[in-house]
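One structure below.
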Amino acid sequence: MDFPAVPLADINLSSQEFWTMPRDWREGAFKTLRDEAPFQFFDEYVMEDSPFPPGRGYRALTRHDDIWHVSRNASLFCSGQGSNIGDLPVELNEFFGSMINMDDPKHFRLRSIVAKGFGPREIGRVEDLVKIRAGKVVDRLLSEFSERTCDFVEQVAAPMPLQIICDMMGVPESDHADIFRWTNTILGVGDPEFVTSYDDLITVGMEIFAYAQALGEDRKANPRDDITSVMMAAEVDGERLTAQEFGSFFILLVVAGNETTRNAISHGMKLLTDNPDQKKIWFDDFDTHNRTAVEEIVRMATPVIHFRRTALQDTEINGQKILEGEKVVMFYSSGNRDERIFANPHQFNATREIAPAQIGFGAGGPHFCLGANLARREVSVMFGEIARRMPTLRAEGEPAYLQSSFINGIKRLQCSW
């Protein structure tokens with residue numbers, strides 16, 4: 001697949017204009033970076049109403065192996081100074097990012113407690129919920145949409161992940177709309193449709209935090225059969241989650257667990273529509289090709305575009321000197337299209353071997369996505385229902401993409417069957 005040849009001098013990943021350019025132009029730009037400047041330095045941009053000044057700038061890592069190296073060397077590249085490009089006080093980093101903005105031993109303690117809510121028994125129960133929720137999504141399409149057309153994001157991709165996260169955490173259905181609104185606001189930064197300001201972010205963050213604290217305190221006093229109760233009761237070395245820690249983790253979970261899976265499913269429908277031969281291969285023998293097809297959807301979608309690390313000492317990455325305190329930003333979307341790793345990386349291939357690994361869930365290390373297996377299962381079950389009951393479902397036209405440098409989102413995608 002050919003993309004425009006973009007001169008290095010025309011590329012500025014910190015510019016809002018870059019992220020409004022056509023997608024094929026941006027793919028050409030990332031190819032230029034991979035080929036000519038895999039450690040290119042960029043100045044920083046901050047929101048106009050942010051009370052914090054721009055940081056010192058960052059190096060953009062665009063090759064798969066370099067991203068893999070940084071992810072797996074947490075002793076050299078820390079998360080505790082922030083996983084987003086801009087600098088925030090530690091308290092705000094942990095408030096919005098919970099354990100993804102922490103280093104060991106704090107990170108290990110919190111992840112160990114939270115992981116008890118994602119054990120085999122809990123995930124086994126969630127898998128049953130996934131099947132039920134996916135079935136209900138398809139039931140509704142078949143019974144309520146007589147014209148056989150709808151917005152795929154609104155009616156298919158968005159409801160199931162949101163409902164699963166809420167079911168897991170014991171959030172009543174009457175509160176689902178609030179959760180959906182909060183996550184859209186947090187991840188809508190940069191998109192004029194959402195017009196999210198710094199004040200909006202803080203306000204919404206406080207609303208989710210207060211909601212989660214109340215939920216955690218309630219389950220601590222009145223345990224139920226949900227993961228919130230499991231996590232609030234879990235102990236590691238005699239310590240439990242505080243209500244404040246649960247509040248921050250809840251923000252992370254509802255944002256990451258809802259939005260990223262929603263976007264993977266949305267991109268998956270577009271990919272299957274654009275590649276009918278691959279759709280036929282998968283749907284004709286679903287179980288045989290399920291694992292590779294799901295990994296390929298995540299590779300092509302890469303819902304989270306980047307995360308940042310900060311060097312804790314002078315070091316090198318593939319011969320490039322990195323100074324103590326320098327920021328390195330891992331552009332997963334570029335690494336997942338690295339021609340050095342993947343043959344025909346811009347082509348969707350439902351039978352692509354899973355090694356070498358795609359990095360849509362992060363590239364290993366202590367911050368590898370805790371919910372990766374749940375996300376895989378949701379994508380698998382949703383497309384399994386579609387393959388079995390609505391195999392003619394297809395996207396119509398181009399999606400309305402989220403304007404964002406952080407989330408590879410789809411806001412709307414018309415579909416028919």
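The values are calculated or read from the model by the stated rules, or taken from the named source; none is laboratory data. Worth saying up front: this structure is predicted, and the values here are computed from it rather than measured. Backbone-built Cβ (ideal geometry, glycine too); neighbour counts: all protein chains shown.
Observations
- Odd one out for V153, checked against (1) touching a Lys or Arg at 6+ places or on another chain (Cβ under 8 Å); (2) in a loop (DSSP other than H, G, I, E, B); (3) at pLDDT 95 or above: (2)
- Taking segment 210-231 as the range and being modelled with pLDDT of 90 or more and among the hydrophobic types (A, V, I, L, M, F, W, C) as the test, the residues that pass are A210, A212, A214, L215, A221.
- The set of residues in segment 42-79 that are closer than 30 Å to I208 by Cα, within 19 Å of the chain's Cα centre (by Cα) and not polar (S, T, N, Q) is empty.
- Condition broken by P276, with the remaining ones in (1) of a type outside the set (V, I, T); (2) touching a residue at least 40 places away in the same chain (Cβ under 8 Å); (3) more than 30 Å from G97 (Cβ to Cβ) satisfied: (2)
- When segment 16-45 is filtered for residues that are modelled with pLDDT of 95 or more and not in a helix (DSSP H, G or I), the ones remaining, listed by number, are M21, P22, A37, P38, F39, Q40, F41, F42, D43.
- The listed residue being among the hydrophobic types (A, V, I, L, M, F, W, C) and exposed (fewer than 13 other Cβ atoms within 10 Å of the Cβ), out of A243, A234, A221: A221
- For S197, the conditions (1) touching an Asp or Glu at 6+ places or on another chain (Cβ under 6 Å); (2) over 30 Å from S15 (Cα atoms); (3) of a type in the set (G, A, S) all hold with the exception of (2).
- Yes/no for E36 being surrounded by fewer than 20 Cβ atoms within 10 Å (Cβ to Cβ), acidic (D, E) and either touching a His at 6+ places or on another chain (Cβ under 7 Å) or within 28 Å of E316 (Cβ to Cβ) (or both): yes
- Residue under evaluation A177, criteria (1) within 21 Å of the chain's Cα centre (by Cα); (2) surrounded by 22 or more Cβ atoms within 10 Å (Cβ to Cβ), criterion not met: (2)
- Selection count, segment 140-165, where residues are touching a residue at least 40 places away in the same chain (Cβ under 8 Å) and not aliphatic (A, V, I, L, M): 7
- All told, D103 meets the bar of being under 30 Å from E235 (Cβ atoms) and either touching a Ser or Thr at 6+ places or on another chain (Cβ under 8 Å) or in contact (Cβ under 8 Å) with a residue 12 or more places away in the chain (or both).
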